[in-house]
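Okay, structure first, notes after.
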Amino acid sequence: MAELARSVAIPRAVSDVLSDVTAEAKKLISGVDAAGVLLIGKANKFDSVAGTSELPHRLDELQMEYREGPCMQAALGDLIVRTDDFRTERRWPKYAPATVALGVLSALSFKLYTSSQTAGALNLFAFQADAFDAEAETIGAVLAAHAAAAILAGRHSEQLESALSTRDRIGQAKGIIMERYNLDDVAAFDMLRRLSQDSNVRLVTIAERVIETRGS
């Protein structure tokens, strides 16, 4: 777990960290036969990732099809959702029988959350009934925290890259206007700003249009 925590601090692709988390879940938690992550995207759209096999992705597909199941419940609601035996499970009348048909009898899902944001759920599956106990919940919660930290770091990195890209494009457009109209830095930016306000178009979009006219 310490090694996994250090890996989150090192700049890496979020997908790689999540794959490490699900792989470690199989190693550290007794009874886990498969693990995966269900991410929440825009407009509550879901994406199944980091599966240790195809099974978690198939189970996620069933939950998205039926709009019910422990992974979705953890992603959207409860912190931890545990199912001891899908054969007697009544919370998800469509999903539970489909899960049994695939040979899965137990599941344990953990919400991945970052402050007020929910990112999805870490999901563990077992072919045996009553596979998970309180110790499994404790270890899974720590792994889920690592996964959530990786997702948060990835989102911050994407936002930073977007901000830097926006700044660069505005800077390019400003330079073009300065050269074309013999203006100083402040006057060139003021021209961009006024064009944005007058046309009710974002400043970065105006900058992109100016860049596209270079050489014309």
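Where a number appears in this text, it was derived from the coordinates with a stated rule and is not lab data. Quick caveat, the model's predicted, so the values are computed rather than measured. Note: ideal-geometry Cβ built from the backbone for every residue, glycine included; neighbour counts use all protein chains shown.
How do the peptides 46-54, 177-185, 100-108 rank, highest first, by the average count of neighbouring beta carbon atoms within 10 Å per residue?
My ranking of the peptides, most packed first, is 100-108, 46-54, 177-185.
For ALA149 and ARG202 in one chain, what is 0.36 nm times their gap in residues minus the Cα-Cα distance, to one decimal in nm?
Residue separation times 0.36 nm, minus the Cα-Cα distance, leaves 15.9 nm.
Within 10 Å of each residue's Cβ, count the other Cβ atoms and sort MET64, MET72 from fewest upward. Spell out each step's value before the answer.
Working: MET64 17, MET72 25.
Ordered by Cβ neighbours within 10 Å, fewest first: MET64, MET72.
Testing the spin-label approximation: label points 7 Å from Cα along Cα→Cβ at GLU137 and SER15. State their distance in nm.
3.4 nm
Grab the beta carbon distance between ASP130 and GLU65, set R0 = 25 Å, and tell me the FRET efficiency rounded to 0.05.
After rounding to 0.05, the efficiency reads 0.40.
Hey, rough spin-label estimate for ARG87 and LYS45, points 7 angstrom out along Cα→Cβ, what's it come to in nanometres?
Computed distance between label sites ARG87 and LYS45 equals 3.9 nm.
Please identify every one of the trypsin sites (Lys or Arg not before Pro) in the stretch 44-128 that sits in a loop by DSSP and has no more than 16 other beta carbons within 10 Å of its own beta carbon.
LYS45, ARG67, ARG87, ARG90, ARG91, LYS94
Report the full-extension gain for the segment ALA187 to ARG214: residue separation times 0.36 nm, less the Cα-Cα distance, to one decimal in nm. Present the calculation step by step, with values, prior to reporting the outcome.
On the way: separation 27, 0.36 × 27 = 9.72 nm, distance 1.87 nm.
Result: 7.8 nm gained on full extension.
Could you let me know the centre-to-centre spacing of the stretch 166-195 and the stretch 61-79, using Cα atoms, in angstrom?
First find each Cα centre; the distance between them is then 49 Å.
Less than 19 Å apart at the alpha-carbon level, and either on another chain or at least 8 residues along: which lysines does that give for LYS45?
Excluding near neighbours in sequence, the set is LYS111.
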